[in-house]
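Engineer: Got a structure for you, written out below as structure tokens; questions coming shortly.
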Amino acid sequence: MLDLLPDLFDNYADKLTLLPPMFISYGKRACFWGEVVTVKCLRDNSKVKEVLAKDGNGKVLVVDGQGATDSALLGDMIAQSAEDNGWQGVVIFGCVRDVGTLKTINLGIQALGANPVKTVKKGIGEVNIAVEIYGVIISPHSFIYADGNGIAVSNERLDLSMLEL
């Protein structure tokens, strides 16, 4: 499936909240969805690395990097770990790096932009708390649905059986 969100909004508009169209797709998987796990961090991707090294089957990591664009919260090695551990995707309110390699990793990745500078590693950040991105509250155990049309959040798992997946 190339376009998920138009069909979802046709069927579930009252259950979805669309994030503003500020995100760019960087991963090989353009269309992805799953249960939300969150990390909130600023210029330190230690918790991102830690979470993506765990089983992520059916899950999407939402990283609230507070919109900082002066360093990257995800690069090729952490993204490869995410793919290896079954994650569906990663949404980063911040930047990524190694963008050429990210396109070869079978993972949905959306972020604000790219920056080649790595973060500091101090182990600072919070896991599985509600985060706010552009005024939209994203809670752990909610659901992300993403494709080239954007990123939507739902507080419940939506039935995708009527869609051609």
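Throughout, read-outs are computed from the coordinates displayed, never taken from laboratory work. Because the structure is predicted, anything quoted here is derived from the model rather than measured. Cβ placement follows ideal geometry from the backbone for every residue including glycine, while neighbour counts extend to all protein chains displayed.
Engineer: Inside the range 42-69, can you point out the residues that are surrounded by 14 or more Cβ atoms within 10 Å (Cβ to Cβ), within 13 Å of the chain's Cα centre (by Cα) and either on the phi > 0 side of the Ramachandran plot or part of a helix (DSSP H, G or I) (or both)?
Structural biologist: Val48, Val51, Leu52
Engineer: Within the range 123-149, count every residue that is under 19 Å from Ala68 (Cα atoms) and charged (D, E, K, R).
Structural biologist: Total satisfying the criteria: 2.
Engineer: Of the numbered conditions (1) crowded, with 20+ Cβ neighbours inside 10 Å; (2) over 19 Å from Asp14 (Cβ atoms), Val127 fails exactly one; give the number of that condition.
Structural biologist: So Val127 meets the others, but not (1).
Engineer: Which members of the range 70-112 meet the condition of being in contact with a Phe, Trp or Tyr (Cβ under 8 Å, 6 or more places away or on another chain), in a helix (DSSP H, G or I) and among the β-branched types (Val, Ile, Thr)?
Structural biologist: If the condition is that a residue be in contact with a Phe, Trp or Tyr (Cβ under 8 Å, 6 or more places away or on another chain), in a helix (DSSP H, G or I) and among the β-branched types (Val, Ile, Thr), then Val99 is the only one that fits.
Engineer: Further, regarding this structure: Please pick out the residue among Ile137, Ile144, Ile124 that is among the β-branched types (Val, Ile, Thr) and under 23 Å from Ala30 (Cβ atoms).
Structural biologist: Values: Ile137 fails: under 23 Å from Ala30 (Cβ atoms); Ile124 fails: under 23 Å from Ala30 (Cβ atoms).
Among Ile137, Ile144, Ile124, only Ile144 is among the β-branched types (Val, Ile, Thr) and under 23 Å from Ala30 (Cβ atoms).
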